[in-house]
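A.B. asks: Quick one: structure below, then a few questions.
Bear in mind that the values in this text are calculations on the coordinates, not laboratory data. Worth saying up front: this structure is predicted, and the values here are computed from it rather than measured. In this analysis, Cβ positions are derived from the backbone assuming ideal geometry, glycine residues included, and neighbour counts consider all displayed protein chains.
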There are 2 protein chains.
Amino acid sequence: MPEPRVEIEYCTQCRWLLRAAWTAQELLTTFSAELGEVALVPGSGGIFEIRLGSEVLWSRATQGAFPDIPELKRRVRDRVAPDRELGHTDRNGRATGASS
Amino acid sequence: MPEPRVEIEYCTQCRWLLRAAWTAQELLTTFSAELGEVALVPGSGGIFEIRLGSEVLWSRATQGAFPDIPELKRRVRDRVAPDRELGHTDRNGRATGASS
C-alpha cells in the first residue's frame, strides 16, 4: 500500500461522496508527489473524517464543521512536506474560511 | 484497511486525476455497500490501472483504452456482488461504449 496514506471516510446516507471526492482531488492536486494515495472510504452515521496514517487530521464530529481546505492542506503539509510553501494558502494564514 | 479495496493508479503527468476521481465516484455510487474503499494512487509513465485487491481489472497499457464504465462495473460486480443486478448496465450487455 503506497505511503503516506490519507483516508477520507464519509457518510453514504448523508450523500457526502462528492464532497469527499472533491477533498481528495484538492489534496492530490497539491501533494501529487508527496502522498502515496488518498482512499475514499464509505461510512455511516454522519462521519466525515480525514486521517493521515492513524492520525485524525479532521473530524466533523469533533470540529463541528467540514474541513476548511487551506487549513487541511497546511495540516497535511506540516506532516508530509514541512519545508513546502503553499503559496496563497500560507499567505492567507490560518483564518477559517480563507480561499484555497 | 477496509476490504474489498479498489485501487486506481493514474499518471499525474498525463493529468488523469480527474478521470481517476470520476471513475472512483462511479464505483462508489454503485457499490457503496459492497466496497471497503477506493484508493486514488498517483503514478507516472502513462499508467491508468484499476485493481481489485491484487487483481488487475483494467489496464490502459494492456487494453489500449480507458475503461468503459459499464464494463468496469460488471467486472467489479462479478467479484464483490455476483448476485447484484446492475439495471441498464446489464441490459446493455457487454458492448463497448454502452452508456453507464
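A.B. asks: Which net charge results when you count Lys and Arg as +1 and Asp and Glu as -1 among the other residues whose beta-carbon is under 14 Å from that of A:Thr12?
C.D. replies: -2
A.B. asks: Give the long-range amide H neighbours of A:Trp16: residues separated by 5 or more places, or on another chain, with amide H under 5 Å away, using H modelled in the peptide plane at 1.01 Å from N.
C.D. replies: Correct list: A:Cys11.
A.B. asks: Still on this structure, I have one more. Relative to the longest principal axis of chain A, what angle (0 to 90°, nearest 10) does the C-alpha long axis of helix A:17-30 take?
C.D. replies: The angle comes out at about 20 degrees.
A.B. asks: Okay, moving on. Divide, for the protein assembly as shown, the radius of gyration over alpha carbons by 2.2 N^0.38 Å, where N is the residue count. Intermediate values should be presented prior to the final figure.
C.D. replies: On the way: Rg = 17.3 Å, N = 200, 2.2 N^0.38 = 16.5 Å.
Rg over 2.2 N^0.38 Å, computed on Cα atoms: 1.05.
A.B. asks: Mind ordering B:30-43, A:48-61, B:65-78 by average Cβ neighbours within 10 Å, highest first?
C.D. replies: Those peptides, ordered most packed to least, come out B:30-43, B:65-78, A:48-61.
A.B. asks: Sorting A:Glu3, B:Glu26 on the 10 Å Cβ count, fewest up front, what's the list? Write down the numbers at each step before the final one.
C.D. replies: Working: A:Glu3 9, B:Glu26 18.
Ordered from fewest to most neighbouring Cβ atoms within 10 Å, A:Glu3, B:Glu26 come out as A:Glu3, B:Glu26.
A.B. asks: Rounded if a/c is under 1.5, else prolate if a/b beats b/c, else oblate: with a ≥ b ≥ c from the C-alpha gyration tensor eigenvalues square-rooted, which is chain B?
C.D. replies: Oblate, because a/c is 1.5 or more while a/b does not exceed b/c.
A.B. asks: Also, I was wondering about something else. Determine, from the Cβ-Cβ distance of A:Arg75 and A:Ser32 and an R0 of 25 Å, the FRET efficiency 1/(1 + (r/R0)^6), rounded to the nearest 0.05.
C.D. replies: Numbers: r = 17 Å, r/R0 = 0.70.
Once rounded, the FRET efficiency stands at 0.90.
A.B. asks: Taking each residue in A:24-32, count the Cβ atoms of any other chain within 10 Å of its Cβ, then average. What number comes out?
C.D. replies: 4
A.B. asks: In whole angstrom, how far apart do the alpha carbon centroids of segment B:66-90 and segment A:10-67 sit?
C.D. replies: Here the answer is 26 Å between Cα centres.
A.B. asks: Output the 0 to 90 degree angle, nearest 10, between the alpha-carbon long axis of helix A:69-80 and the longest principal axis computed from the alpha carbons of chain A.
C.D. replies: Relative to chain A, helix A:69-80 is tipped by roughly 70 degrees.
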